[in-house]
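Worksheet: the structure to be examined is printed underneath.
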Amino acid sequence: MQNTIVKNWFESDFARLDPALQRLHLSGGELSGDIDLEYGKGVSGIVGKRLAKKLHLPAAGAHRLVVSISHSEKGLHWNRTFNNSNIVESLFTPVGTISDGHWIETTGPLSIKLTVDIKDRGWHWRCIHISLFGIPIPLWLTPRSNAFKTIENGKYRFKVEFTLPVLGLLVSYQGLLDAKYND
C-alpha cells in the first residue's frame, strides 16, 4: 500500500529523485547489508563515542544493518538495527513542503530540523536546527552532519557522518544496502 507523505512534501521535485528512492518512500520496505562504522582519533573519537552512545550506535568496525521503513499518521519511520541488537528508532515528521518547509527527525531526546537538497537524483539532508530534551542548541555548538541516500548500481548507498571544526571526524557510518519493497 502506497503512502504519499514523502511525495506530497517534495511536490513536483519528487520526480527528480531516483525511481528506486521514490519507490522506497512510497511503499516502505527494508534495507539490509554490511556497513562500516568509524570513530575519529583522540579527542574527536572520545566525543564521537559519547554521541554514538546517545544514538545507540555500536563500536567501530563492520556491522550488519537492517533498516525498516514504514509510514504512519505521525510520519515516516526509520528503525535501524545493528547486528540484531543495537536499535535506533527515528520518526521523520514533515512540515510544509520542500519549497517552504522541513522535516523534524526525532531520535530519543534529540530533535533535528532538516531540509533536503536533491543532487544527482539523491537525497541529501541539511541540518537547520537541533534541540536536545526540547532545549535549542546553537548550530555552531553542534556537530556538522553529512547525510545522504542515493542509488548506486541498483543498491541503496548511504552515509551518515558527524564532524566538528578543528577536531574533524567524530563518527561515521556508511554502506551499500539491498532493498526489499513492501509493494
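The values are calculated or read from the model by the stated rules, or taken from the named source; none is laboratory data. Keep in mind that what you see is a predicted model, and the values were worked out from it rather than measured. Reconstructed Cβ throughout: ideal geometry from the backbone, glycine too, with neighbour counts over all protein chains shown.
Quick notes
- No other residue among Val43, Val47, Val67 is under 23 Å from Ile151 (Cα atoms), in contact (Cβ under 8 Å) with a residue 12 or more places away in the chain and not hydroxyl-bearing (Ser, Thr, Tyr) apart from Val67.
- Among the residues examined, Ile46 does not qualify as among the aliphatic types (A, V, I, L, M), closer than 17 Å to Asp34 by Cα and surrounded by fewer than 15 Cβ atoms within 10 Å (Cβ to Cβ).
- Considering residues of segment 137-162 that are touching a helix residue (DSSP H, G or I) at 6+ places or on another chain (Cβ under 8 Å) and modelled with pLDDT under 95 only, the residue surrounded by the fewest Cβ atoms within 10 Å (Cβ to Cβ): Gly154
- Candidates Gly175, Gly168, Gly134: the one that is among the small types (Gly, Ala, Ser) and closer than 27 Å to Glu30 by Cα is Gly175.
- Among all positions in segment 79-89, there is no residue which is of a type in the set (D, E, K, R), in contact (Cβ under 8 Å) with a residue 40 or more places away in the chain and within 20 Å of Gly29 (Cβ to Cβ).
- Within segment 1-18, tally of residues that are over 19 Å from Asp117 (Cβ atoms) and either free of Cβ contacts under 8 Å to residues at least 24 places away in the same chain or touching a Cys at 6+ places or on another chain (Cβ under 6 Å) (or both): 1
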